[in-house]
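Structure record follows, encoded as structure tokens.
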């Protein structure tokens, strides 16, 4: 249990800006194993964001509450995934060759493709969530954040890391069978919670949206660079989260 707690704390440290005790004990092996808890950490992030939404809703209209919840998610994660999305689109959109695309993705400056993708992403999140009833927003935030992190785990498990170093290099060794099983069980539990809360069809359409977002984003970056980078993981998480919300809203 002590070992699993250390791995969980490293997953929180990797995916968020929340303070983690130094006693967690970093090792490369633990950070690699931390992928097993990405869906749970995602759900935790979603729960905190949903709490901000629920409290904001006591004083302000739904759209304002949604925007404040999105701001909270950016603060909690340091815009970790959104930054990856913007960098990936800059690289894929502006790089005529694989090497040039990877070079652009390393540039900290944001370009036209990245800015456009980021603006559209945030606008779609706000519009989609604001169109849902409050109870559905709370559930969608928790489940969407958790399940979209599982989408990123699937990329790590089934694709190849294309850099010699980088943000995602510590987890680029792949996902063990044990870690993949734990992540999958966590994702299944989140999906069942959504089905119980909003109904089977909302849960099925949400998962369909997540799958479409996962497949579509992977098709974009794998065809261009032949694998993934840390930026690509952020992009696939964002695409999965948005398409998940769209799927749920399609039924609601």
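What follows is calculated from the coordinates using simple rules that are stated; it is not laboratory data. All of these numbers come straight from a predicted model, not from anything done at the bench. Don't worry about glycine lacking a Cβ; one is built from the backbone with ideal geometry, like all the others, and counts go over all protein chains shown.
With each label modelled as a point 7 angstrom along the Cα→C-beta vector, the residue 250-residue 103 pair spans 4.0 nm. For residue 164 and residue 204, the FRET efficiency from 1/(1 + (r/R0)^6), where r spans their Cβ atoms and R0 equals 30 Å, is about 0.15. In whole angstrom, note down how far apart the Cα centers of region 37-56 and region 115-162 are. What the calculation gives is 12 Å, centre to centre.
Assuming R0 = 41 Å, what is the FRET efficiency of residue 4 and residue 215, from their Cβ-Cβ distance, to the nearest 0.05?
0.85
Would you indicate which of (1) 0.96; (2) 0.99; (3) 0.93 is the value of Rg/Rh (Cα atoms, Kirkwood Rh) derived from the coordinates of this structure? Of the labelled values, this structure produces (1).
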